1. Can you list the HN-Hα couplings for the range 87-99, worked out from phi with the Karplus curve (6.51, -1.76, 1.60; θ = phi - 60°), rounded to whole Hz and with x for Gly and Pro?
2. Tilt of helix 338-350 relative to the longest C-alpha principal axis of the chain, in degrees (0 to 90, nearest 10)?
3. Efficiency by 1/(1 + (r/R0)^6): what FRET value for N53 and N92, r their Cβ-Cβ distance, R0 = 25 Å, to the nearest 0.05?
4. What is the dipole size for the range 145-249, taken about its Cα centre, with +1 at each Lys and Arg Cβ and -1 at each Asp and Glu Cβ, in debye to the nearest 20?
5. Only Lys, Arg, Asp and Glu count, each charged at its Cβ (+1, +1, -1, -1), so figure out the dipole size of the chain about its Cα centre, rounded to 20 debye.
6. Using +1 at the C-beta of Lys and Arg and -1 at the C-beta of Asp and Glu, which of A113, M268, P55 has the Cα lying farthest in the positive direction of the dipole of the chain?
7. Build a GNM of the chain with springs between Cα atoms under 10 Å: which of Y235, Y208, Y77 gets the top mean-square fluctuation?
8. Under 13 Å from a point placed 7 Å out from the Cα of Q12 along the Cα-to-Cβ direction: which residues of the range 338-376 have their backbone N that close?
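Since every read-out is calculated from the coordinates, none of them should be taken as a lab result. All values derive from a computational prediction rather than experimental measurement. Here the Cβ is made from the backbone with ideal geometry for all residues, glycine too, and neighbour counts use every protein chain on show.
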Amino acid sequence: MIEKQFLKYQAQTTPHPLGIEISRAYGSYIYNTNNIVFLDFVAGVSATPLGHNHPKVVNAIKEQLDKYMHVMVYGEYIQRPAVELAKLLSDNLPASLEKTYLTNSGTEAIEGALKLAKRATGRSEIISANKAYHGNTMGSMSVMGFEERKQAFRPLLPDVRFIDFNSEKDLNKITTKTACVILETIQGGAGFIEPTNNYLEKVRKRCYDVGALLILDEIQPGIGRTGKLFGFEHYNCIPDILVTGKALGGGMPIGAFTASSDLMDLLMDNPKLGHITTFGGHPVIAASALATLKEVTESNLIPLTLEKEKLFRKQLIHPLIKEIRGKGLMLALIMESADITNQLILKAQDQGLILFWLLFEPKAVRITPPLTISEEEIIKGCNIILDTLNSIK
Ligand SMILES: Cc1ncc(COP(=O)(O)O)c(C=O)c1O
């Protein structure tokens, strides 16, 4: 009944949605309405770092609900959860990343960051990377490096150019005409591609040389997933504008872009109200994010991430797994073919393990569990993967 209504009334974006009917979710587990339990190796696509319904997050939300919900558009009233969240982000970032604008989603934060770069430099050219994913609104889609998925929506933003991620040769395409370079610190949709050979450091230097701003999109690697609070900490490269989202909300919808006060204050004039949102900085969402960020930064979850990566890599040895890419708990199994990937994801779900695809790499299987996942749960899930692979001919 509800499945029919789901298909009839709720807009669909794939012909075959996974269609698990959810009843509840706690920790690393999701339950369907038949009380079947699934071990979650996906975490809502890297968005629930503390697992499902973490008690500290739920309490923070409930406490805030009892006080007030939406009272005013972004930026007019002093609302403690948003202020404390912005301050805690700043406390955990280099001094140049001090001021944060809170949005409702990752893509909206990307839009804000691109606007800020144009406003700050007075230039229009944006440079992005092939196979990049930064979201699905028009600006973010304009900097998406995958033509097939954006052709139907053209015309998009003009003056966007693409370079190959990790190509040193392409760096000379960044010039004095460039307003900003936008990159994912670790490319997600492309197949969890890490920067190599000090690439980000070289991009950083080139941006300084030509006066272009560097935007790093940490919507996926950020908030501890790669073994540091932010991915850029691995690569000796501090962006001018940092974009976060997903895990920051602890299971609630959020995005954020952070920059120096000098940069961010440009949104106050010429024109004033340089970026507007009704709900950005929403007190209930911000309370959830604040509790999440506190827990991630005050616990030992971040260093444990690297131990857990080792365990995954030790367990997941199988002739059908050609490579494991990524860092920390942002891992992708690369299979021999897209067909094996599809079989593994669908059959593992039948065995009670949730896996998922990556956007632009059909051979990849996503493993991005909650950071709170236990060793026993990792071993249990890996055994399901191995058994499933053994059943694939
Ligand atoms: C790297 C990256 N940037 C941007 C986005 C867009 O975020 P949202 O879906 O919250 O708009 C995503 C979401 O998958 C992402 O992975």
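1. 5, 5, 4, 4, 4, 9, 10, x, 4, 6, 9, 10, 10
2. Around 60 degrees separate the two axes.
3. Working: r = 24 Å, r/R0 = 0.98.
The formula returns an efficiency of 0.55 here.
4. Values: 14 positive and 14 negative charges, 29 e Å.
Value, rounded to 20: 140 debye.
5. Details: 42 positive and 42 negative charges, 91 e Å.
For this selection, approximately 440 debye.
6. A113
7. Y77
8. none
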